[in-house]
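The values are calculated or read from the model by the stated rules, or taken from the named source; none is laboratory data. Not measured: the values here are computed from a predicted model. Glycine also receives a Cβ, built like all others from the backbone with ideal geometry; neighbour counts cover every protein chain displayed.
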Amino acid sequence: MQSGICQVSRVKYNFDFDELLEFPIRVCDLTKNSTLSLSLFSMDHEEALAKIRLELFDKQGALKQGTQSISL
């Protein structure tokens, strides 16, 4: 299980996120420059608390595989 600390306005929030993300798209339908963008929002803020963009393919055009760890 991944855990982390998000700091907003000097207040720390602990969170755990251990969910498998599945998308209804086939790999053969993606282009080699496809990316996955994730944004973390709070119910108290209109703007995103954190954002990340992951490239889905490596420099040789092969799909990246395995578990990807991210830090927001």
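Modelled with pLDDT of 75 or more, more than 17 Å from the chain's Cα centre (by Cα) and at negative phi: does that describe LEU40? Criteria not met by LEU40. Taking only the stretch 55-72 into account, find how many residues are of a type outside the set (Gly, Ala, Ser) and modelled with pLDDT of 90 or more. Total meeting the criteria: 8.
Considering the stretch 52-62, and only residues there that are farther than 14 Å from LEU21 by Cβ and surrounded by 12 or more Cβ atoms within 10 Å (Cβ to Cβ), the residue that is nearest to the chain's Cα centre (by Cα) turns out to be GLU55. Considering only residues that are under 18 Å from the mean Cα position of the chain (by Cα) and either loosely packed, with under 10 Cβ neighbours inside 10 Å or modelled with pLDDT of 60 or more (or both), which ones fall in the stretch 1-12? Matches in the stretch 1-12: MET1, SER3, ILE5, GLN7. Screening LEU38 with (1) touching a residue at least 24 places away in the same chain (Cβ under 8 Å); (2) hydrophobic (A, V, I, L, M, F, W, C); (3) in a loop (DSSP other than H, G, I, E, B) gives one miss only, at (3).
Across the stretch 24-35, the qualifying residues are those that are hydrophobic (A, V, I, L, M, F, W, C) and in a loop (DSSP other than H, G, I, E, B), and the one among them that is surrounded by the most Cβ atoms within 10 Å (Cβ to Cβ) is LEU30.
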